[in-house]
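For reference, the structure discussed in these notes is given below.
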Amino acid sequence: MADIELDERKIKILNAVIKNYLETGEPVGSRTISKYTDLNLSSATIRNEMSDLEDLGYIVQPHTSAGRIPSDKGYRFYVNNLIASKDQEVADMKNWMLEKTEKMESLLQNVAKVLATNTQYATVISAPSIVGKRVKFIQLSAVDENHLLSVAVLDGNMVKNRMIEIDKPLDNETMLKLNMLLNTNLNGLAIDQINLAVITKLKEQAGIHDEIIEQVLNTVADSIKEGEDLQVYTSGTTNIFKYPELSDSRRASELLTTFEDKEDLVEFLSDSETKDIDGIQVYIGEETPIDTMKDCSVVTATYELGDGVKGTIGIVGPKRMDYENVVDNIKSLKGQLDKLLKKSEGKEIKDSN
């Protein structure tokens, strides 16, 4: 019979049987299932549903008067639904982040322009990036007999994929156990918490499949490099020429090159985000980490999207800048940006559910 024969109640009971069996390795009885579902059904009703699932071939009873275990058909139903659910979740995340990125770019460019106009200095702002990334979930799924797809989802809904080559196909139970092993040990861990002890434990528990675990961990490790792709937006760079101490040809040229190349700005703003500094920061003259800005003052503030996602706003001007005006402007726009982004984040997540 087709999978369509299962109603919502049977599906929940089947899922509970499979999850409990994967955790314990022991046949599952109706009393146990009554604790694993939100159906508020009696053991007798659950026994009847389990009997139907057995007749339909989704579970089997290995011994008389014992509980049930999943059949191959039951495993296949569980895996197909699990993969479909996770694939849709990942696809939704990708679409959501793509749309969000386009809106974000326009918003941050406008913020940079507003700050440059209000302060008459040069401004810089970084797009949100993930600081202290944590693992949200990991999914392994079969592509064909010799390939698995590893999908790791991190804080900020960052998605990392890797194709893993295998010598022989994995059966359903092995695939489910590997997924459970990975998620039980890694979910909620920050990248820097996945140390040698965690890796060794995972590989030991995976046994002959330790190479698969290693490649999944490499997928997660790749996310550390994401900072290299930090987007930075600037505005008002020509305001530099308004101040004599910064407008001689050599200094102005060096400053403009810094704003155009952005390499030093990316490094500076990335450092500001990873230091997890709250509030307004002011760098005066030699305190400024960028060599071409040693005759300048730089005022920065970190804005937050939540879930470890942060960006930095910066204003660059002469050491005799109007600090009060700069701090007022940057505080005001930081507050507006925090509220706007968090409101947008909440709406987008609600809409995607």
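FYI, it's all coordinate maths here, none of it is from the lab. Here the structure is a predicted model, which is why all the values come from computation and not from measurement. Glycine also receives a Cβ, built like all others from the backbone with ideal geometry; neighbour counts cover every protein chain displayed.
A few comments on the model shown:
- All distinct Cα pairs of the range 135-226 go into the 1/r average, and the inverse of that average, the Kirkwood radius, is 13.2 Å.
- Stokes-Einstein D (µm²/s) once Rh is taken as the Kirkwood radius of the range 3-70 over alpha-carbon pairs, at 4 °C in 1.567 mPa s: 111
- In this simple spin-label model, placing a label point 7 Å from the Cα along the Cα-to-Cβ direction at both Leu149 and Arg31 gives a separation of 4.3 nm.
- Computed label-point distance, nm, for sites Leu196 and Gln120 using a 7 Å Cα→Cβ extension: 5.9
- Of the cross-linked pairs Lys136/Lys177; Lys12/Lys35; Lys10/Lys203; Lys19/Lys160; Lys136/Lys201; Lys103/Lys242, those separated by over 24 Å at the C-alpha level are Lys10/Lys203; Lys19/Lys160; Lys103/Lys242.
- Added length on full extension, which subtracts the Cα-Cα distance from 0.36 nm per residue, Glu214 to Glu324: 34.3 nm
- Contour excess over end-to-end distance, with Cα ends at Thr184 and Lys103 and 0.36 nm allotted per residue: 25.6 nm
- If you take all other residues with their beta carbon under 12 Å from the beta carbon of Thr32, and give Lys and Arg +1 and Asp and Glu -1, the sum is +3.
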